[in-house]
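Here is the structure we will look at.
The values are calculated or read from the model by the stated rules, or taken from the named source; none is laboratory data. Bear in mind the structure is a predicted one, so any value in this text is a computation, not a measurement. Virtual Cβ from ideal backbone geometry, glycine too; neighbours counted across all protein chains shown. Calculation scope for accessible area: heavy atoms of the full protein, side chains included, ligands and nucleic acids excluded. Shrake-Rupley method; radii C 1.70, N 1.55, O 1.52, S 1.80 Å.
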Amino acid sequence: MPAAEFHFDFGSPNAYMAHCMLPAITERTGVPITYVPVLLGGLFKLTGNKSPMEWNKGVLNKSEYGQLEMQRFIRRHALDRFTMNPHFPVNTVAIMRGALVAQRDGFGPAYIDAVFRAMWEDGQKMDDPAVIVAALDKVGLDGAAIAAATQEQSIKDKLMANTSASADRGNFGSPTFFAGSEMYFGKDKLVDFEEEIVRQRDAA
């Protein structure tokens, strides 16, 4: 099996859309996709990158076209539950650390799905500690225990290490995908990502 990875930060609406698409890729290819939490702000600092809002500022028509392409993607893939978070941009340090706690303790998929939904379907302010705990409690997770665990130094160090290692492999943003050593950036590269997974799988 090729190593297939999704390097993500909950703060990216495009990462949410990719998350919605990945189960079908796994079903078609038979290859599991590993979720790798990274901190988008950290990637930006390490690579000199900026958010699209900053890059597009003052460029006539570019932001509007980006919104058009997003709406086309949403329609094409019937992502009807997506809504732009009214609190965007959200500081994601706490919820990204929480993803590492959840993966370590064996409930990563449930946590990741719950936080993506809270961010990009329910429009919750997921940098408010009380809101985070309530969102996790709502789906049967122990929000207070997860919040407490995010303060462990090993978790803080792991998020920094993930982010640094991702940048070292060539990453500069989210969503980013790796099929072995081949990197693909952006939800629009999911087709290429899947094709490379299949190529590597069949060559093994």
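Structural remarks
- Of the candidates M96, M21, the single residue that is open to solvent by less than 80 Å² (accessible area, probe 1.4 Å), touching a His at 6+ places or on another chain (Cβ under 7 Å), modelled with pLDDT of 95 or more and not β-branched (V, I, T) is M21.
- Only listed residue being closer than 21 Å to L43 by Cβ, open to solvent by less than 40 Å² (accessible area, probe 1.4 Å), free of Cβ contacts under 8 Å to residues at least 60 places away in the same chain and not in a loop (DSSP other than H, G, I, E, B), chosen from V115, V101: V101
- Only a single criterion out of (1) modelled with pLDDT under 95; (2) of a type in the set (A, V, I, L, M); (3) open to solvent by 40 Å² or more (accessible area, probe 1.4 Å); (4) not in a loop (DSSP other than H, G, I, E, B) is not satisfied by L46, namely (1).
- Residue check for K138: open to solvent by 10 Å² or more (accessible area, probe 1.4 Å), farther than 26 Å from A4 by Cβ and under 19 Å from the mean Cα position of the chain (by Cα): no
- Set side by side, the residues N14, N85 differ, and just one is in contact (Cβ under 8 Å) with a residue 60 or more places away in the chain, surrounded by 17 or more Cβ atoms within 10 Å (Cβ to Cβ), of a type in the set (S, T, N, Q) and assigned to a loop (DSSP other than H, G, I, E, B), which is N85.
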